[in-house]
Amino acid sequence: MGVKGWVGFHLKVKKTSRNVFQALVAAMVDYVLQNVHGDIAAANAALLKIGSAMAETLLFEYSDKIGVHATSFQGFLETFNLATKVMLGVKFDHVSWDPAARKIVYSLKECPLCENIRMSDEYKGLKFCNSLSGVFQHVLTLRGFSSECEEVQCITWGDPACVWELREV
């Protein structure tokens, strides 16, 4: 990060308490689970839809602060990395592009959505951080791309990182 980026992030970007944010995410997931009566597939779909609903606001917020947009699907490799730094305060630990599969993979070892949360076997298959999948997928739709995003690993299940796969379709 250059001097301009450091100054912008540390002095200009408003911050939210990580504990408050995590409590809000956990309450949202719990609320969704209650409303779908524990149906994991329905909960995953609801979390994806919540992320989609967040996407437009986040895209405009990011645009106002940064103003840099990807012009190709592959360009989202770096755009989402920067946007995640601006919006969540962390950059992905690993990002990769698989041109044959038209897939971007992002991973976070310290995920601000689920840090310090562990799921019981009762909720096996719940994609706790699936709202971020919805954000990625819908931002791409708003920018004119067709994509699918899936959380394929989650720290809440004991995985070493949360991992998302974003595919162009």
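In this entry, D159 is excluded by the filter for residues that are surrounded by fewer than 23 Cβ atoms within 10 Å (Cβ to Cβ), of a type outside the set (S, T, Y), farther than 20 Å from V90 by Cβ and out of contact with any helix residue (DSSP H, G or I) (no Cβ under 9 Å at 6 or more places or on another chain).
Kindly provide the set of residues from the range 153-163 that are in a strand (DSSP E or B) and more than 14 Å from P112 (Cβ to Cβ), ordered by number. Across the range 153-163, the qualifying residues are Q153, V163. The test for being under 17 Å from the mean Cα position of the chain (by Cα) and either at pLDDT below 95 or farther than 27 Å from A27 by Cβ (or both) does not hold for G125. For E115, the conditions (1) more than 20 Å from A70 (Cβ to Cβ); (2) crowded, with 20+ Cβ neighbours inside 10 Å; (3) not small (G, A, S) all hold with the exception of (2). Sub-6 Å Cβ pairs linking a first residue in the range 53-76 that is part of a helix (DSSP H, G or I) to a second residue that is at pLDDT 85 or above and not β-branched (V, I, T), at least 6 apart or interchain, are A55/H138; L59/L142, ordered by first then second residue. Just checking, how many residues over the range 135-152 are in a strand (DSSP E or B) and either surrounded by fewer than 18 Cβ atoms within 10 Å (Cβ to Cβ) or among the hydrophobic types (A, V, I, L, M, F, W, C) (or both)? Qualifying residue count for the region: 4.
Do the conditions hold for K91, that is, is it at pLDDT 85 or above, basic (K, R) and outside any loop (DSSP other than H, G, I, E, B)? Criteria not met by K91. Exactly one residue among I50, I117 is of a type in the set (A, V, I, L, M) and assigned to a helix (DSSP H, G or I), and that residue is I50.
The values are calculated or read from the model by the stated rules, or taken from the named source; none is laboratory data. In this text the structure is predicted, and so the values were computed from the model without any measurement. Using ideal geometry, Cβ is built from the backbone for each residue, glycine included, and neighbour counts are taken over all protein chains shown.
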